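*Asks:* Mind looking over this structure? Questions follow.
The values are calculated or read from the model by the stated rules, or taken from the named source; none is laboratory data. Worth saying up front: this structure is predicted, and the values here are computed from it rather than measured. All Cβ positions, even for glycine, are placed from backbone atoms using ideal geometry, and neighbour counts span all protein chains on display. Surface accessibility is based on the protein's heavy atoms, side chains included, excluding ligands, DNA and RNA. Shrake-Rupley method; radii C 1.70, N 1.55, O 1.52, S 1.80 Å.
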Amino acid sequence: MVKHHQHKILDCTIRDGGLVNDWDFSVEFVQDMYRGLSAAGVEYMEIGYKNSEKLLKGGSSGPWRFLNESFLRDVITKKTDTKLSALVDIGRVDENDILPREDSLLDLIRVACYIKDVDKGLELVQKFNSMGYETSLNIMALSHVMENELVEAFEEINKSPVDVVYIVDSYGSMDHKDIDYLVTKFQRLLPEKELGLHMHNNLQLAFANTIAGASKGVTFLDSSVYGMGRAAGNCTTELLLSYLKGARYDIRPVLEIIEKHMITMRQKWDWGYLIPYMIVGALDEHPRTAMAQLSSDERNNFVEFYDRLTSVETAPIIHKN
């Protein structure tokens, strides 16, 4: 039986969905999203990236990619019980851009890194923790990580003040057996840490994997409204709310967001279960090849795409653990 009271939903529509449309969200949409998620009882809303414009050629990206505190204050005029989070990438964040938590609208800063950079990730965590923030470490591309690398990283993570450690299915290739295995391992080797899950929907398993992890006691559950997220998107917030229902959650305000804004967005921008994303998920590969396919004139030539990825000459090396 899932103990409903222990879960925290973190909606990352604005941050992860921004990867689909270069963060071209209107202020009105983000305000409606915050109001709606607050009314729905969602515990956290990730309002974007806190990466540095100086370190990344921002070009035309919307403001949610480089969150500026004074801009945020104009957008979120009144905080609710729903906390705000932002994600930073190793090497793309200028620590001087981060205010102490008491001067910031943000509550949680999440640090994303690959396994080889865990030490750098934990340095940032240490810094943000000392500024008063809740922190998480999101280790990407776990399906390609070797056992010994993980065990080594865990020794460092255990010494760190990080609050939450995320299992991230970067390529959308995991199933419930992988989740079962990883959650069990993370719980055993990180007994003091809360765990989180960030799943992708290449194989239509993001929701199933998320509730599989929830039933094993994972606390933080990432989702996005209408599944809007990079490539195949994420576990959908509306499904998670309906599954974890109880006095705390109300799906209706999220349906309002979808009805008012996201039907038209879906006509304009592509995300979710699309065949090229299914193919790369099944092959446990990065979605970039599928994204390129979908933005080309050959977007629906699925067989040719599949053959190209599976023929011996062109196939990337597939790591299966």
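*Asks:* So what is Rg over Rh here for region 61-158, counting just Cα atoms and using Kirkwood for Rh?
*Replies:* Radius of gyration relative to Kirkwood radius: 1.02.
*Asks:* With a 1.4 Å probe and every protein chain left in place, work out the accessible area per residue of region 166-299 in Å², rounded to a whole number.
*Replies:* 41
*Asks:* At q = 0.27, 0.28, 0.29, 0.30 Å⁻¹, what base-10 log of I(q)/I(0) does the Debye formula yield for region 17-70 when every alpha carbon is treated as an equal point scatterer in vacuo?
*Replies:* -1.14, -1.18, -1.22, -1.26
*Asks:* Can you list the lysines whose alpha carbon is less than 22 Å from that of LYS8, not counting same-chain residues fewer than 8 positions off?
*Replies:* Of all the lysines, those that pass the test against LYS8 - Cα under 22 Å, at least 8 places apart if same chain - are LYS50, LYS78, LYS79, LYS83, LYS185, LYS193, LYS216, LYS245.
*Asks:* Please report the net charge: other residues with Cβ closer than 12 Å to the Cβ of ASN202, K and R +1, D and E -1.
*Replies:* Charge balance near ASN202 sits at -3.
*Asks:* Considering only C-alpha atoms, what is the centroid distance from region 289-313 to region 126-201, in Å?
*Replies:* Distance between centres, Cα-based: 32 Å.
*Asks:* Summarise the accessible area of region 192-321 (1.4 Å probe, protein heavy atoms) by the percent that is carbon and sulfur.
*Replies:* 55
*Asks:* Which ³J(HN,Hα) values in Hz, rounded to whole numbers, follow from the phi angles of region 306-311 under the Karplus curve 6.51 cos²θ - 1.76 cosθ + 1.60, where θ = phi - 60° and Gly and Pro get x?
*Replies:* Along region 306-311, the couplings run 4, 4, 4, 6, 10, 6 Hz.
*Asks:* Could you give me the ³J(HN,Hα) list for region 64-77, computed from phi with Karplus coefficients 6.51, -1.76, 1.60 and θ = phi - 60°, whole Hz, x at Gly and Pro?
*Replies:* After applying 6.51 cos²θ - 1.76 cosθ + 1.60, I find 6, 8, 9, 4, 10, 4, 6, 4, 4, 5, 6, 7, 9, 7 Hz.
*Asks:* Separate question: For every other residue with a beta carbon closer than 9 angstrom to the beta carbon of TYR171, add +1 if it is Lys or Arg and -1 if Asp or Glu, then tell me the sum.
*Replies:* So the surrounding residues net to -3.
*Asks:* Where is the GNM fluctuation largest for the chain (alpha-carbon springs, 10 angstrom cutoff): ASN21, ASN209, ASN51?
*Replies:* ASN21
*Asks:* Using only helices, what value at 222 nm comes out for the chain when you add -39,500 (n - 2.57) per DSSP H run of length 4 or more and divide by the total residues, to the nearest 500 deg cm²/dmol?
*Replies:* Only helices count here, giving -11000 deg cm²/dmol.
*Asks:* Just the C-alpha atoms of region 141-230: what Rg/Rh do they give, with Rh taken as the Kirkwood radius?
*Replies:* Dividing the radius of gyration by the Kirkwood radius yields 0.95.
*Asks:* Scan region 235-299 for GluC sites (Glu not before Pro) in coil per DSSP, keeping those whose Cβ has at most 14 other Cβ atoms within 10 Å, and list them by number.
*Replies:* Taking region 235-299 and a limit of 14 other Cβ atoms within 10 Å, the loop GluC sites (Glu not before Pro) found are GLU298.
*Asks:* Multiplying the sequence separation of SER215 and ARG308 by 0.36 nm and subtracting their Cα-Cα distance, what value in nm do you get?
*Replies:* 29.6 nm
*Asks:* Per the Debye formula with a single identical scatterer at each Cα and no solvent contribution, what log10 I(q)/I(0) holds for region 113-189 at q = 0.13, 0.14, 0.19 Å⁻¹?
*Replies:* The Cα Debye sum returns log10 ratios of -0.38, -0.44, -0.79.
*Asks:* Take the Cα radius of gyration of the chain and divide it by 2.2 N^0.38 Å, with N its residue count; two decimals is plenty.
*Replies:* Against the empirical 2.2 N^0.38 Å value, I get 0.95 for the chain.
*Asks:* How big is region 190-321 by the Kirkwood estimate over distinct Cα pairs, in Å?
*Replies:* It is 16.5 Å.
*Asks:* A further question on this structure: Pick from LEU99, LEU240, LEU84: which residue has the top mean-square fluctuation in a GNM of the chain where Cα pairs under 10 Å get a spring?
*Replies:* Its mean-square fluctuation being the largest, the pick is LEU99.
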